[in-house]
Amino acid sequence: MVLVIKLLLLTCLWPTAALTSVSSQSDHHYRFLHHHHHQQKCSSMKKHNSKREIKMRKLDSTKVRPLKSEQLLRIDDHDFAMRPGFGGSPIPVGIDVQVESIDSISEVDMDFTMTLYLRHYWKDERLSFPSTKNRSMTFDGRLIKKIWVPDVFFVHSKRSFIHDTTMENVMLRVYPDGNVLFSLRITVSSMCFMDFSRFPLDTQNCSLELESYAYNEDDLMLYWKHGNESLTTDEQISLSQFFIEEFSASSGLAFYSSTGWYNRLFINFALRRHIFFFVLQSYFPAMLMVMLSWVSFWIDRRAVPARVSLGITTVLTMSTIITGVSASMPQVSYIKAVDVYLWISFLFVFLSVIEYAAVNYLTTAEERKQLKKRGKVSGMYNIDAVQAMAFDGCYHDNEADIDMTTFAVHSEESSARGRAASIPNLDATRIKRKRSLKGNA
């Protein structure tokens, strides 16, 4: 009975449950289709946006940050150990120089020190990249080691270095068409072949020479980028001893027997020396020493210590001036203009001393002849002219001095005789007094 009732209930409820399940399945299927359509629409929009980004990246690749500079310039795709256009015509490399300062000029070492901005211009199609808005890309020195750059060096240079405060002063600028600008800030010390034959009235012509070290004229052609205007200078350049007359740029060829011909660029400048410093330090003191040596001609020739000390002092002072000038100059084997002036001045000073020695000797010899001829020297003292000079430090060159000496000797003799004659008179007087006293006693 119970089983029959359950069967009747099941038959009544089955259609309703079937309808409910069908409706729920249809609703779920509708939702699934709607969600799947939405996902397809989003994915299509994402694909469209990605295609648009790729298109923009192709239009201006320099604005895209994720790409590295090596990937943008395709550095790994090329062999930059070879020069651009290897096997073809020589690559032209333009040079542009801006002189910042001339730091020092040494006459002793025959060199000069200069600080300058050295710029290279060339074209390397391997570095070209697509770009419409950003005209160029600028890099520091870290990219220099990965690409090809010209190997320009300074001929006859002694020392040179690239400034590295606060970073290494190196700039690399690459343009979309492959043109490259490579700039350096360098301080270089180079030789300058100087001629001192007219020193200090000289004018020195110095030059700084640039040349490729490895590439001869068949591989690399150096030239001034803008002709004579490629060399510019700072208006505030000044030197203490020189006046810079002109700067000029020129070019030429250099031949080496083992490697061939090379292009060479010249930075020429002329230096004219300021003479006022040497007038105060050398010419004027030398002139004063010559005039001071002539002062001894107005001093009495019998004042031996004064004239000798003055002559020796002027000679030593001139020697010091000559030594000071020679110490600041290179040891050249030819005569300089300042040497002629100083040695002539030294000759005048030296001759003033020789003149006094000659006058002293001739005067002494003349006095000896006169004294021997007249025979007026005292026999008691037997003093000749030289011994008399040793006593009083003076020469006796005229008759008045000799007569005064003779008169002094005779006066001394007469006074001595008077004293000797007065002594017996006193003794006689005393004896007479004693006798008179005895008689009175």
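The table below gives the values:
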item	result
Residue match in region 63-84 (condition: at pLDDT 90 or above and assigned by the TED database to the domain that holds E229)	no
Single residue of region 207-244 satisfying the filter (farther than 21 Å from P150 by Cα and of a type in the set (G, A, S)) that is least open to solvent (accessible area, probe 1.4 Å)	S207
Qualifying positions in region 326-354 - in contact (Cβ under 8 Å) with a residue 12 or more places away in the chain, loosely packed, with under 15 Cβ neighbours inside 10 Å and farther than 30 Å from D195 by Cβ	none
Any hit, region 235-243, residues being under 30 Å from L116 (Cα atoms) and modelled with pLDDT of 90 or more	yes
Among (1) more than 38 Å from the chain's Cα centre (by Cα); (2) over 26 Å from N263 (Cβ atoms) - the single one G87 does not satisfy	(2)
Single residue of region 189-234 satisfying the filter (in a strand (DSSP E or B) and free of Cβ contacts under 8 Å to residues at least 60 places away in the same chain) that is nearest to Y341 (Cα to Cα)	E209
Filter result for F247 (open to solvent by less than 80 Å² (accessible area, probe 1.4 Å), of a type in the set (A, V, I, L, M, F, W, C) and either closer than 20 Å to H156 by Cβ or part of a loop (DSSP other than H, G, I, E, B) (or both))	yes
Positions within region 113-134 being more than 42 Å from the chain's Cα centre (by Cα) and either closer than 28 Å to K158 by Cβ or among the basic types (K, R) (or both), in sequence order	K133
Matching residues in region 296-316 - criterion: being in a helix (DSSP H, G or I), surrounded by fewer than 18 Cβ atoms within 10 Å (Cβ to Cβ) and not aliphatic (A, V, I, L, M)	F297, W298, P305, S309, T313
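The values are calculated or read from the model by the stated rules, or taken from the named source; none is laboratory data. These numbers come from a predicted model, not from an experiment. Quick reminder, even Gly has a Cβ in these numbers, built from the backbone with ideal geometry, and neighbours come from all protein chains shown. Ligands, DNA and RNA are excluded from the accessible area calculation, which covers all protein heavy atoms including side chains. Shrake-Rupley method; radii C 1.70, N 1.55, O 1.52, S 1.80 Å.
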